[in-house]
1. Restricting the first residue to the stretch 110-128 and requiring it to be farther than 12 Å from residue 84 by Cα and modelled with pLDDT under 80, which pairs with a second residue that is β-branched (Val, Ile, Thr) and part of a helix (DSSP H, G or I) meet a Cβ separation below 9 Å and a spacing of at least six or different chains?
2. Can you find, within the stretch 90-104, the residue that is nearest to residue 29 (Cα to Cα) among those that are touching a residue at least 12 places away in the same chain (Cβ under 8 Å) and crowded, with 18+ Cβ neighbours inside 10 Å?
3. Out of curiosity, is residue 95 more than 24 Å from residue 125 (Cβ to Cβ), among the small types (Gly, Ala, Ser) and at pLDDT 90 or above?
4. Please name all residue pairs, on different chains or six or more residues apart, with Cβ atoms under 8 Å, provided the first residue is in the stretch 51-65 and is in contact (Cβ under 8 Å) with a residue 12 or more places away in the chain and under 12 Å from residue 82 (Cβ atoms) and the second residue is of a type in the set (Asp, Glu) and surrounded by fewer than 19 Cβ atoms within 10 Å (Cβ to Cβ).
5. Could you check the stretch 29-48 and list, in sequence order, the residues that are within 16 Å of residue 123 (Cα to Cα) and crowded, with 18+ Cβ neighbours inside 10 Å?
6. Kindly establish whether residue 59 is aliphatic (A, V, I, L, M) and surrounded by fewer than 19 Cβ atoms within 10 Å (Cβ to Cβ).
7. Considering only the stretch 70-81, I want to know if a residue exists there that is assigned to a strand (DSSP E or B), without any contact (Cβ under 8 Å) to a residue 60 or more places away in the chain, surrounded by fewer than 19 Cβ atoms within 10 Å (Cβ to Cβ) and among the basic types (Lys, Arg).
8. Identify, please: which residue in the stretch 105-122 is touching a Phe, Trp or Tyr at 6+ places or on another chain (Cβ under 8 Å) and of a type in the set (A, V, I, L, M, F, W, C) and is, among those, surrounded by the fewest Cβ atoms within 10 Å (Cβ to Cβ)?
Amino acid sequence: MQYNKNNTNLISDYNSSKIIIYDGKCMLCSKSIAFITQRDKKEEFEYLSYRGTYAQKLLDKHTLDFTSTQYIVYINKGKHHIKSRAILEILRELGGIWSLLYIFIIVPPFIRNFIYDIIAKNRNRWVI
């Protein structure tokens, strides 16, 4: 699906959509979205910035704090994932060689998210 810069169009079928909510002001986050978009050959993902009205409504619906942009959110078929789990789920959905990285799901979440949090805290300094 196409990137919705203004978040003005509501996603047609929320329960079957694959929605990625990210910090649009973060260069690392934006580059990650560009990476995903280039590999999303089926155009399955919707991309929403935290600052958009619809993204805030979705975050509220999932009782997620939209004032804290320290994590990525992936909503697939109405179920949400955050941080490292979101990344792994997105990579799995991309298919191909990227789906092999899903093996890291066996790493306990507190370890995966510890690493994720370090990257998130330094994301504006570590621009790729």
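The values are calculated or read from the model by the stated rules, or taken from the named source; none is laboratory data. Note that the coordinates shown come from a computational prediction; the quantities given were computed from them, not determined experimentally. Positions of Cβ are backbone-derived with ideal geometry, glycine not excepted, and every protein chain shown enters the neighbour counts.
1. Correct list of pairs: 126/119.
2. 90
3. Yes, satisfied.
4. Listed pairs, sorted by first residue: 59/65.
5. 29, 32, 33 - these are the residues of the stretch 29-48 that are within 16 Å of residue 123 (Cα to Cα) and crowded, with 18+ Cβ neighbours inside 10 Å.
6. Considered against the rule, which asks whether it is aliphatic (A, V, I, L, M) and surrounded by fewer than 19 Cβ atoms within 10 Å (Cβ to Cβ), residue 59 comes out as no.
7. Among the residues of the stretch 70-81, at least one is assigned to a strand (DSSP E or B), without any contact (Cβ under 8 Å) to a residue 60 or more places away in the chain, surrounded by fewer than 19 Cβ atoms within 10 Å (Cβ to Cβ) and among the basic types (Lys, Arg), which makes the answer yes.
8. Applying the filter and picking the extreme gives 119.
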